[in-house]
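Asker: Starting off with a structure, shown below.
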Amino acid sequence: MRAPLPTRPPAYQPDEFQNRMNFKHLYYFWMIARTGGVIRAGQRLHVTPQTLSGQIKLLEERLGCQLLERNGRNVQLTDAGRVAAGYAEEIFLLGSQLEGALKQRAGTHAAAVFKVGIADSIPKSIAYRFLEPAIADGAAIRIVCREGGLPALLADLAIHRLDLVLSDAPLPADATMQAVSHSLGRSSLAIFGSACLYANRKTSFPECLDGMPMLMPANGSALRRKLDDWISRTGVRPHVVGEFDDWALMMAFGREGKGVFAAPAMLETRLLQEQAVRPIGHIADVFEEFYAISIERQSSHPSVDRIADAARAERFECPGQPVF
C-alpha cells in the first residue's frame with residue numbers, strides 16, 4: 001500500500017538549485033505522474049488544471065524535453081517522463097525520510113515507518129519471526145509490509161520505497177543496485193500432505209512420492225531448483241499438478257488434499273495444528289535459506305540493524321529429522 005500522498009509541495013527550496021530546477025514544478029509533475037492525470041492532481045493539490053499545465057510546461061522547457069503527452073482526457077509519461085518520475089519519487093521520499101529522522105532525533109513521539117517487502121515464497125509465520133525484533137521492547141515503529149515477487153520488490157528497494165526485502169534467495173549476482181544480503185538462517189524441508197494423502201502411502205519415504213500429486217513452487221524460484229535437483233537425485237517421479245508463486249496459496253491447495261507440498265520443517269507443529277496436514281517425510285539434506293536484503297548505505301534504517309543483529313545472535317537453523 002502506498003503512503004498517503006502529500007497535499008502541498010515542500011516550502012524549502014535551496015537557493016543553489018533554484019536557477020537549475022524549480023522543485024515546486026517537479027513536485028507538481030510527480031503528483032500528476034502518481035495520480036495519472038492533471039485534473040486528479042489539481043484536485044489533490046487545490047490547484048487549477050491550467051496552472052498545473054503551465055508549471056509543467058516551464059519544467060519541460062528547463063529540462064529540454066517533453067515529460068507528458070495527452071491520451072484522451074488522461075496523460076501518459078514519455079520515456080523521459082518515466083525517468084524523471086523515478087528520480088522525483090526518490091527525491092521526495094528521501095525528503096520525507098529526512099523529516100522523519102529529524103523529528104525522531106528531536107524527541108517527538110511519532111512512530112518511525114519501517115517499510116518491508118516480503119517475497120511471496122516466504123511463509124508468513126517465518127516472516128514474522130524475522131521481523132519481530134524490529135518491533136520488540138515497545139519500539140516506536142510503524143511497520144508497513146508489502147508482498148510480491150522478488151524482482152518487483154528489489155526495484156522498490158532500489159528507489160527507497162522499501163527499507164528491507166525478506167527473501168529465500170540472496171541479491172542476484174547480476175543486480176546493479178548497491179545492496180547487501182544479510183543471511184538470517186535456514187531450515188531443512190519436509191513434504192506435507194492432507195490426512196487422506198498421508199493414509200494412501202504405499203511405501204516408505206521418498207518412494208511413496210512416486211505417482212503422488214505434488215504442488216510445486218514456480219519454475220525459476222530458488223526452492224524449485226533445489227526440489228528439482230533432489231527429485232532427480234532420488235529418482236522418484238511425483239505427478240506435478242500445480243505450480244505457485246505464492247506459498248500461502250500452494251499450502252491452501254495442499255490443505256484441501258490437491259497434492260503434497262514442500263515447506264520448512266520448522267513449521268511442522270504449526271501446520272499440523274492449524275492446517276491439519278501431516279509430514280509425509282523429511283528431506284534432511286535440502287535447505288530453504290532466508291535473507292534480508294537492504295541498501296548498502298551508512299544511514300540505513302535502524303530496524304534493519306536490529307533484525308540482522310538478532311539473526312546473528314540466534315543463528316536460526318532448523319535441521320530435519322527422519323519420520324520413518
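Throughout, read-outs are computed from the coordinates displayed, never taken from laboratory work. In this text, all values refer to a predicted model and were calculated from it rather than measured experimentally. A quick note on method: Cβ atoms are made from the backbone with ideal geometry, for glycine too, and the neighbour counts reach across all protein chains shown.
Asker: Calculate, in nm to one decimal, what Ser204 and Val113 gain on full extension: separation in residues at 0.36 nm each, minus their alpha carbon distance.
Answerer: 27.8 nm
Asker: In straight Cα distance, which lysines are under 29 Å from Lys115, not counting same-chain residues fewer than 8 positions off?
Answerer: In chain and number order, the partners are Lys24, Lys103, Lys124.
Asker: Then there is this: Set the Förster radius R0 to 41 Å, insert the Cβ-Cβ distance between His239 and Arg146 as r into 1/(1 + (r/R0)^6), and round the FRET efficiency to 0.05. Let's see the in-between values first.
Answerer: On the way: r = 35 Å, r/R0 = 0.84.
Calculated transfer efficiency: 0.75.
Asker: Collect residues whose amide H, placed 1.01 Å from N in the peptide plane, falls under 5 Å from the amide H of Ile143; neighbours closer than 5 in sequence don't count.
Answerer: Under 5 Å from the amide H of Ile143: Phe114.
Asker: Count neighbours as other Cβ atoms within 10 Å of each site's Cβ, and list the GluC sites (Glu not before Pro) in segment 215-270 that are DSSP loop with at most 14 such neighbours.
Answerer: For GluC sites (Glu not before Pro) across segment 215-270 that sit outside H, G, I, E and B with at most 14 neighbouring Cβ atoms in 10 Å, the list reads Glu256.
Asker: Going by average Cβ neighbours within 10 Å, how do the peptides 207-213, 302-308 rank, with the highest at the top?
Answerer: Numbers: 207-213: 17.1, 302-308: 19.6.
Highest to lowest by the protection proxy: 302-308, 207-213.
Asker: Same structure, new question: Quick one: which residues, 5 or more positions from Asp210 or on another chain, have an amide H under 5 Å from its amide H? H modelled 1.01 Å from N in the peptide plane, none for Pro or chain starts.
Answerer: Amide H to amide H, under 5 Å and 5 or more residues apart or across chains, Asp210 pairs with Arg237.
Asker: Can you list residues from other chains, or at least 5 along the same chain, whose modelled amide H is less than 5 Å from the amide H of Cys65?
Answerer: Those qualifying (amide H under 5 Å, at least 5 residues apart or on another chain) number zero.
Asker: A further question on this structure: Excluding Phe253 itself, what net charge comes from residues whose Cβ is under 11 Å from its Cβ, given Lys and Arg +1 and Asp and Glu -1?
Answerer: Cβ neighbours under 11 Å give a net charge of -1.
Asker: Exposure proxy check: Leu59, Leu94 ranked by fewest other beta carbons within 10 Å? Numbers along the way, then the final one.
Answerer: Working: Leu59 22, Leu94 12.
The most exposed by this proxy come first: Leu94, Leu59.
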